[in-house]
Structures are given as C-alpha cells and as structure tokens.
Amino acid sequence: MPSKELELYLHIPFCVRKCDYCDFLSMPADEDLRRHYVDCLIEEIKQKAALCSEYRVTSVFFGGGTPSILPGVQIWELMEALQRNFKICEDAEVTVECNPGTLTRQKLIYYKMAGVNRLSIGLQSANNQELQRLGRIHTYEEFLDSFGQARAMGFKNINVDLMSALPGQKQEDWIDTLNKVLAVRPEHISAYSLMVEEGTPFYDQYGEDERRREQGEPPLYLPSEEMEREMYLITQELLRNKGYVRYEISNYTFPGRECRHNIGYWKLIPYLGLGLGSSSFLEEVRFSNTKNLKTYLSGENFSQEDCAYVFLDKRQRMEEFMFLGLRMMEGISRSVFQQMFGIKLEAVYGNVLEQLQQQGLLKQQEGRVALTEAGISVSNYVLSEFLLL
Ligand code: SF4
C-alpha cells in the first residue's frame with residue numbers, strides 16, 4: 001500500500017424535501033434522476049482515480065443531502081466502483097449519512113455488504129415540535145426506529161447530529177433532547193448551534209432576529225448569545241458525565257471512536273471529493289466540481305481541466321493549518337508546523353501567540369498550542385487572529 005494517505009468524499013445531493021434552515025447543496029429528485037446521478041458518479045470515480053494512484057484511502061464518507069435516500073444497492077455499487085479503482089485500506093472508516101424516515105432494514109443489509117462501518121444519523125432534535133419547525137421530514141420516534149434497526153444489524157459506530165439554539169428553544173428543551181439521545185448511547189455526537197443562513201426560509205423568518213442578537217439587542221425568537229453559550233456548557237457537562245470526550249469544539253465521542261474523516265480534514269490530510277459541487281485538496285491544490293446539476297449530469301466535466309482550481313500559497317496553507325487545527329482540543333503541534341512549512345511557529349505567529357496567551361485564550365504545553373475554555377467561547381475571534389495580512 002502507498003504511504004500517502006487520502007480521504008474520499010462522495011456527495012449525494014438529494015433529499016426528500018428541503019429543510020427550512022438548509023443552505024447545503026441538496027434538492028428533491030425522482031428515482032430516474034437519482035439513478036442517472038449515481039451512474040455519473042461511477043463514471044467520475046473511474047476517471048478521477050488516476051489522480052490518486054499514489055495514495056491509500058483511509059476513509060470514505062457518503063455525505064449530502066441524504067445519501068440514505070438512495071436504494072441500498074446503489075451505495076453498494078458506488079463502493080464496488082471505489083474498491084475497483086482506488087487502493088482502499090482494509091480498516092478504512094466508511095461512513096454513510098442517514099436521515100430517519102429514509103433508512104430501511106434492506107438498505108442496512110446493503111451497507112453491511114458494501115463495507116460501511118459507520119453511520120451518521122441526522123436527528124437535530126428529540127422534540128417533534130422543533131423538528132416540524134425546522135422542516136425535518138421525520139419524528140423522534142422514527143429516529144428511535146432507525147437507530148434500533150442499525151444496532152440490530154450490528155452497526156457499532158453511530159454518530160447522531162444535533163442542533164441547539166433553535167427558535168423558541170429553552171434550556172430545558174435542549175437538556176431533554178440531550179438526555180433522550182444519551183439514553184441510546186451513540187458512540188459519537190455532533191452538536192452544533194443553528195446558523196441562520198441567507199437564502200433560506202429561516203433567514204426570511206429569523207434574519208432580523210439574528211441581526212438584533214448580533215447587535216446585542218434581545219432577540220425575539222432565537223435564544224440569546226448567553227443562552228447559546230449556556231447550552232454549549234450544558235452539552236459539555238452532560239456528555240462528559242456520560243463518558244464522552246470532546247475532541248473538537250462541537251464533536252464528542254467515546255474514546256477511540258473519533259471520526260477519522262473529520263480529523264483528516266482538520267489536519268489537512270489530502271482528500272478527493274466526488275459528485276456535484278464537491279471539493280478536493282490534493283498536492284497543495286484545491287479544486288472543485290461544478291454546482292450545476294445539469295452540467296454535472298452531462299458527464300463532460302470530470303476531467304481535471306474542467307475543475308475550478310485554487311492554488312494555495314504557503315501563507316494560506318499556514319492559516320488553514322491554524323484555523324482547522326485549533327478547532328481540535330489537542331490543538332496543533334509545533335513540530336508538525338515546522339515540518340510542513342520549514343519555519344518555526346514562533347517566527348510566523350510569535351506575537352499573536354503571546355498576546356492570546358496573555359488574554360487567557362490559548363495554552364501552550366508539551367510542544368502543542370490549544371484553545372483554553374475561554375478561547376473556545378470566543379473561538380471566532382481567536383481564529384481570526386491567525387490571518388496573515
Ligand atoms: S436533510 Fe440535511 S441536506 Fe437535506 S435539506 Fe435537510 S438539512 Fe439540508
């Protein structure tokens with residue numbers, strides 16, 4: 001096996017219907033369109049594999065959209081194509097993102113046959129009224145059913161996605177969601193705060209409220225910034241009491257179940273994105289596929305020439321190394337920085353490190369630099385300090 005590590009991401013841009021807060025590249029599609037898309041994806045796999053002959057694949061991630069909207073056999077076909085064209089490690093982490101209401105026993109059987117060993121289930125909330133407000137297609141009971149079926153089929157590595165700071169959400173509602181999820185003991189929990197994104201129905205409804213909140217005025221529907229912070233601290237405490245370790249600002253896991261795909265991304269491991277709008281990072285170059293479905297389905301845009309390229313210079317790569325690496329609780333390694341960029345961390349960021357440490361926002365120990373608890377609560381500010389102007 002080659003020594004260079006690679007991660008694969010396959011984008012499945014289809015959902016049963018669009019959630020009201022969602023600005024991801026996703027849309028509803030009928031069966032024929034989905035089949036056509038999978039055929040194009042298989043063709044793209046064949047064509048792009050040549051770029052990666054010197055890499056071994058350590059993780060495969062089917063993301064979306066809702067990959068579990070596809071018939072199980074299509075996930076199996078895609079994995080077959082990957083196995084035939086890439087050097088996939090025997091112990092590779094293979095994740096499929098699933099939504100309750102789209103998962104069936106038959107699909108889970110195909111996932112097993114395809115070598116899928118990790119599921120990531122989008123629950124967001126265990127409160128059916130909140131789910132309805134978000135425009136989700138499922139109920140909490142359907143999540144329990146999907147989770148139970150996955151366990152029954154022998155899936156021992158499951159992530160559950162949750163979202164806090166929802167409109168009208170109170171502290172006790174969030175605690176109730178956490179407790180309900182903790183009761184089924186998933187190996188991994190991702191807990192993000194709601195972002196009100198432009199161009200979504202939520203933006204029309206709550207955009208003004210978001211602006212009030214940003215300007216320090218009391219919001220009418222969204223929880224205040226203090227409440228959002230309180231929810232974050234509650235999450236951390238409840239999960240820690242149940243044996244979860246926080247390894248990134250918003251990700252918690254049982255020891256040894258960290259998501260390899262996420263860690264690779266934060267550590268700048270090369271990755272190849274396949275499918276509509278997916279981006280790649282190979283040999284210090286970032287490139288991405290078209291976001292236009294019609295163009296993608298024409299199948300004429302899989303060659304390297306048709307990708308949009310961004311060449312990252314050393315300065316940009318150093319910034320990314322800091323932005324992404326500091327999201328992890330273990331922070332970044334001084335020696336890895338020096339190895340990657342041929343210069344000492346102090347020579348580039350000496351003043352910033354000293355200033356942030358004096359403010360109590362960064363800690364430096366055993367050759368590593370990491371955020372403190374105070375730094376996590378103002379992480380956007382801390383990370384922005386690493387921009388090299
Ligand atoms: S299921 Fe996920 S990707 Fe699909 S519309 Fe909802 S939030 Fe967006």
Check on ARG246, in the same structural domain as GLN129 (by TED's automatic domain parsing), within 27 Å of GLU330 (Cβ to Cβ), among the charged types (D, E, K, R) and not in a helix (DSSP H, G or I): yes
Matching entry among ARG286, ARG229 (being under 30 Å from GLY168 (Cα atoms) and among the charged types (D, E, K, R)): ARG229
Any hit, the stretch 367-380, residues being farther than 29 Å from ILE234 by Cα and exposed (fewer than 14 other Cβ atoms within 10 Å of the Cβ): yes
Helices (runs of 4 or more DSSP H) (entirely within the stretch 23-139) containing at least 2 residues that are within 16 Å of the ligand (Cβ to nearest atom): 31-48, 128-134
In the stretch 163-177, residue nearest to TYR111 (Cα to Cα) [restricted to those that are hydrophobic (A, V, I, L, M, F, W, C) and either crowded, with 21+ Cβ neighbours inside 10 Å or without any contact (Cβ under 8 Å) to a residue 40 or more places away in the chain (or both)]: MET163
Meets criteria (crowded, with 23+ Cβ neighbours inside 10 Å and under 18 Å from GLY275 (Cβ atoms)) for SER68: yes
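Being crowded, with 18+ Cβ neighbours inside 10 Å and either more than 14 Å from PRO186 (Cβ to Cβ) or of a type in the set (Phe, Trp, Tyr) (or both) is the filter here, so list the residues in the stretch 251-262 that pass it.
TYR252, ARG260, HIS261, ASN262
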Pairs, first not assigned by TED's automatic domain parsing to the domain that holds CYS89 and at pLDDT 95 or above in the stretch 114-133, second within 13 Å of the ligand (Cβ to nearest atom) and assigned to a helix (DSSP H, G or I), C-beta under 8 Å, six or more apart: none
Exclusive hit being touching a residue at least 24 places away in the same chain (Cβ under 8 Å) and not assigned by TED's automatic domain parsing to the domain that holds TYR232, set VAL352, VAL336, VAL378: VAL352
Among residues of the stretch 1-22, those that are among the aromatic types (Phe, Trp, Tyr) and either in a loop (DSSP other than H, G, I, E, B) or within 10 Å of the ligand (Cβ to nearest atom) (or both), counted: 2
Count of the stretch 257-268 residues which are at pLDDT 95 or above and not in a helix (DSSP H, G or I): 3
Residue check for TYR21: over 26 Å from TRP266 (Cβ atoms) and of a type in the set (Phe, Trp, Tyr): no
Condition check for ALA92: of a type outside the set (Lys, Arg), surrounded by fewer than 24 Cβ atoms within 10 Å (Cβ to Cβ) and within 18 Å of the chain's Cα centre (by Cα): yes
Unmet criterion (only one of (1) touching a Phe, Trp or Tyr at 6+ places or on another chain (Cβ under 8 Å); (2) more than 30 Å from LEU312 (Cβ to Cβ); (3) surrounded by fewer than 15 Cβ atoms within 10 Å (Cβ to Cβ)) for GLU226: (1)
Hey, LEU162 outside any strand (DSSP E or B), under 23 Å from MET195 (Cβ atoms), of a type in the set (A, V, I, L, M, F, W, C) and within 16 Å of the ligand (Cβ to nearest atom) or not: no
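The values are calculated or read from the model by the stated rules, or taken from the named source; none is laboratory data. In this text the structure is predicted, and so the values were computed from the model without any measurement. Cβ coordinates were reconstructed from backbone atoms using ideal geometry, including for glycine residues, and neighbour counts include every protein chain displayed.
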